[in-house]
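Structure record follows, encoded as structure tokens.
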Amino acid sequence: MELNINIIIPEIILIALAVCLIVLDFFITDKKKLNTIGICGLVIAGMSVLLGVKNGFALSGMIIQDNVAVFFKLLFILVGIYIFYMGRFFEDRIKGWKGEFYILIVFAIIGMEFLSSSYDFISFYVSLELLTITLYILTAYTKDNPHSVEAGLKYLITGALASGFLLYGISFIYGGTGSTGFGEIAGILRGGGHGLNGFVTIGLVLIILGLTFKISSIPFHVWTPDVYQGAPTPVTALLAAGSKAAGFVVLMRVLFTALGSVKEEWMLFIAVISAVTLIFGNMSAMPQKNIKRLIAYAGIGSAGYLLMGIASASVLGASSIMFYLLTYLFSIAGSFLVIVIFSHVSGSDEIDSYAGLSRRSPLLAATMFIGLLSLAGVPPLGGFIAKFYLFAAVVKEGLIWLAVIGILMAIVSMYYFLLVIKRIYLMEPVVEEKITLEPTTKLMLYGVNIAIIALGVYPGPFTDWFVQIARQLF
Amino acid sequence: MLLNYLPVLIMIGLVAVMAMMVLFVASLIRPSRPYYKKNQAYECGIDPIGEASIGKVRIHYFVIAILFIIFDVETLYLFPWAVVLKKIGLFGYIEMFVFIFLLLVGFIYAWIKGALDWVS
């Protein structure tokens, strides 16, 4: 029974930040200042993750701090900074209660941080719900927009159903092994106990199904397009980059750490889900007219790629998931920053309205170009290396058919991303007016572009580090 | 390989059969005598006004209920804390104040934002 409060200092800083924002909301009328304070707080929390925290267990083994958790915590804080920055351009769409929007985003980030370091089914479920419930509210935040309310309701109903699956699964695992801690479950399963396997199989199937809601893959993918389209754009970016990454880190902890010794039971199951998700996501992305909806379907496809890494159940698979999520974060942050700025100027999310963007703002066009091509997986960019490692991981485990589907679907994804790029670069703009950008915005956009290119040109140090930290999961 | 998933299949079958059987057997045994009063929505014994699906629901009831739950949970945590207070010492003592402080901030926020004002 040890508390080790010092391990959760970054989360305590974030909670303090949330409380500060609640109080300051009364005194500060210019909510842009609140936004700046939020970004500063996130930076401080990120520093504390980097500098002050030792590895170990906290709260009686409920929370683990290892290098995987450190990586994901930094990732989530980076997501948070970009989401906050996007909030600046979205603010005027929110009628009243703007401060609360930022407070809820901070709470969602706290949920993701705890999720990335949960080492017990109880703490896992509580932090998952902290994240999901804040996202329900954030999705329906623009109350005057019927799409947003509809999205929130759909998200809530699907989420409640998925939570039911998850809890039922957890109860089966608990019934089969007599424990909720990931480490203890791994120990019990490694020690044999074949009489219990039936319960564990039912439990793990239900847990995987429940978690497909968070990572937006088949069978709980139906909410994705509607919610991505209807939710406020910063929240969509949070769902795409943050919530998905959080889903994968717990999926890795549950499957690799807790249930790693029974991997024959779930490898094929995950591989089939991955294949179906890949085909469905990429095929349905083709006819989309709305950019957020397009990225939603492409996001379902990405979940399929990431599940390939889970299906390989190896250190290479886990490290390539981390690499993919890192490049995915930059692609999503860049392209959503463009989407939010563009809709701030033109008020539209339709792909057709992006016509001639390159003549209105070359930087926005270039960011969209690099972000979308990285999502598609074009060679000099980070997305290519990430996909390459994922294919390598599944081929190494003998799942060649899955890699073939993945490569075919990468070609399909090239088609629909290039359609957007064609509009941006080759078509004549409807409105000629130039879009002017603030210096900080330019800095943020250059940041993501350089990061995507750097990850593609020189991935060595990152992949080495990811392989090293992925060993801790097994 | 696929045989590993047999328990899942058995469970799906069992659940489906069980659910259908319960509904079917119940429909055989129970008496069915619906009349107007019985089919009415139950609203604390008062005659319902309008349709629930199209009628206006005052969202304020919901806000008050949520605020009530916050304090309900707070008391729920205060009781076990009070019982083991001597064991957990000063650290636990302070920690409960942190918890109450966080709740209090939320409560004051709701108060100032007007969640407790009854607009009629």
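Here are the numbers for this structure:
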quantity	calculated
Test: residue A:11 is exposed (fewer than 13 other Cβ atoms within 10 Å of the Cβ) and within 14 Å of chain B (Cβ to nearest Cβ)	no
In region A:262-284, the residues that are more than 14 Å from chain B (Cβ to nearest Cβ) and surrounded by fewer than 24 Cβ atoms within 10 Å (Cβ to Cβ)	A:275, A:276, A:279, A:280, A:283, A:284
Considering residues of region A:17-53 that are in contact (Cβ under 8 Å) with a residue 12 or more places away in the chain and within 13 Å of another protein chain (Cβ to nearest Cβ) only, the residue nearest to residue B:109 (Cα to Cα)	A:22
Residue in region B:90-109 that is within 13 Å of another protein chain (Cβ to nearest Cβ), surrounded by 10 or more Cβ atoms within 10 Å (Cβ to Cβ), hydrophobic (A, V, I, L, M, F, W, C) and part of a loop (DSSP other than H, G, I, E, B) present	no
Helices (runs of 4 or more DSSP H) lying entirely in region A:168-246 (those with 3 or more residues that are aliphatic (A, V, I, L, M))	A:182-190, A:197-215
Only one of A:249, A:276, A:254 that is modelled with pLDDT of 90 or more, part of a helix (DSSP H, G or I), more than 24 Å from residue A:61 (Cα to Cα) and of a type in the set (A, V, I, L, M)	A:276
Given (1) in contact (Cβ under 8 Å) with a residue 12 or more places away in the chain; (2) within 14 Å of chain B (Cβ to nearest Cβ); (3) of a type outside the set (A, V, I, L, M); (4) in a helix (DSSP H, G or I), number of the condition residue A:60 does not satisfy	(4)
The lone exception for residue A:25 - which of (1) under 29 Å from residue B:100 (Cβ atoms); (2) surrounded by fewer than 20 Cβ atoms within 10 Å (Cβ to Cβ) it fails	(2)
Set A:116, A:127: member being touching a residue at least 40 places away in the same chain (Cβ under 8 Å), hydroxyl-bearing (Ser, Thr, Tyr) and more than 14 Å from chain B (Cβ to nearest Cβ)	A:116
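Rundown of residues vs (1) within 24 Å of residue A:254 (Cβ to Cβ); (2) modelled with pLDDT of 90 or more; (3) part of a loop (DSSP other than H, G, I, E, B); (4) of a type in the set (A, V, I, L, M), yes/no style:
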{"residue": "A:16", "(1), (2), (3), (4)": "no, yes, no, yes"}
{"residue": "A:20", "(1), (2), (3), (4)": "no, yes, no, no"}
{"residue": "A:26", "(1), (2), (3), (4)": "no, no, no, no"}
{"residue": "A:29", "(1), (2), (3), (4)": "no, no, yes, no"}
{"residue": "A:33", "(1), (2), (3), (4)": "no, no, no, no"}
{"residue": "A:44", "(1), (2), (3), (4)": "no, yes, no, yes"}
{"residue": "A:76", "(1), (2), (3), (4)": "yes, yes, no, no"}
{"residue": "A:81", "(1), (2), (3), (4)": "no, yes, no, yes"}
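The values are calculated or read from the model by the stated rules, or taken from the named source; none is laboratory data. Everything quoted here is computed from the prediction, not taken from an experiment. Glycine also receives a Cβ, built like all others from the backbone with ideal geometry; neighbour counts cover every protein chain displayed.
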